[in-house]
Amino acid sequence: MSDFIIRECTREDMGLVLSFIRELAVYEKMIDEVVVTEDLLYDQLLVKKLSACVLAFEDNVPVGFALYFFNFSTFLGKNGLYLEDLFVRPAFRGKGYGKKTSFSFSGYCQTAQLRQDGMVSAQLEHTGNRFL
């Protein structure tokens with residue numbers, strides 16, 4: 001049985017995060033729109049902490065990533081979590097890693113007392129094979 005882990009990204013992971021972003025852009029046929037750099041990722045994810053990123057690994061091999069940020073419900077007065085991107089490399093799809101990563105955010109929402117409907121995803125309407 002494979003060892004699957006999810007962890008927050010670190011400064012040393014910025015190259016890996018950028019490579020996942022590029023792979024996602026190729027998948028979406030949007031590679032020409034990628035202008036982000038490792039320095040910009042570091043600034044946004046780890047210095048300003050305006051967004052966050054987790055990485056998924058199978059037996060220490062990087063298999064996917066998820067990028068998210070927090071939002072706020074004016075009427076409820078509670079934060080939620082917006083899952084901007086979730087990507088699993090094609091060779092690792094079909095193993096449930098996308099679902100495991102997604103479900104880890106559900107648990108985080110409960111622990112952090114975010115509103116229950118707060119986990120919204122750009123991919124819920126366009127999942128394709130990226131979640132599987």
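The values are calculated or read from the model by the stated rules, or taken from the named source; none is laboratory data. Everything numeric in this text was worked out from a predicted model, so none of it was measured. Counting neighbours? That spans all protein chains shown, and the Cβs are built from the backbone with ideal geometry, glycine included.
Structural remarks
- Considering (1) out of contact with any Lys or Arg (no Cβ under 7 Å at 6 or more places or on another chain); (2) not in a strand (DSSP E or B), the lone condition that Gly98 does not fulfil carries the number (1).
- Qualifying residue in the stretch 26-41 (condition: modelled with pLDDT of 95 or more and within 28 Å of Leu114 (Cα to Cα)): yes
- Test: residue in the stretch 68-79 that is closer than 15 Å to Ser19 by Cβ, assigned to a strand (DSSP E or B) and either modelled with pLDDT under 95 or in contact with a strand residue (DSSP E or B) (Cβ under 7 Å, 6 or more places away or on another chain) (or both): no
- The set of residues in the stretch 3-26 that are out of contact with any Phe, Trp or Tyr (no Cβ under 7 Å at 6 or more places or on another chain) and within 17 Å of Leu86 (Cβ to Cβ) comprises Ile6, Arg7, Glu8, Cys9, Asp13, Leu16, Leu18, Ser19, Ile21, Arg22, Ala25, Val26.
- In the stretch 25-62, the residues that are assigned to a strand (DSSP E or B) and β-branched (Val, Ile, Thr): Val54, Val61
- Yes/no for Phe20 being in contact (Cβ under 8 Å) with a residue 12 or more places away in the chain and in a helix (DSSP H, G or I): yes
- Matching residues in the stretch 68-89 - criterion: being touching a helix residue (DSSP H, G or I) at 6+ places or on another chain (Cβ under 8 Å) and of a type outside the set (Asp, Glu): Tyr68, Gly80, Leu81, Leu83, Leu86, Phe87, Val88, Arg89
- Among the candidates Ser104, Ser73, Ser51, residue that is in contact (Cβ under 8 Å) with a residue 60 or more places away in the chain, of a type in the set (S, T, N, Q) and surrounded by 12 or more Cβ atoms within 10 Å (Cβ to Cβ): Ser104
- Taking the stretch 20-42 as the range and being surrounded by 14 or more Cβ atoms within 10 Å (Cβ to Cβ) and among the acidic types (Asp, Glu) as the test, the residues that pass are Glu23, Glu28, Glu38.
- Answer residue from the stretch 86-115, given it is within 24 Å of Thr74 (Cα to Cα) and touching a strand residue (DSSP E or B) at 6+ places or on another chain (Cβ under 9 Å) and is modelled with the lowest pLDDT among those: Arg115
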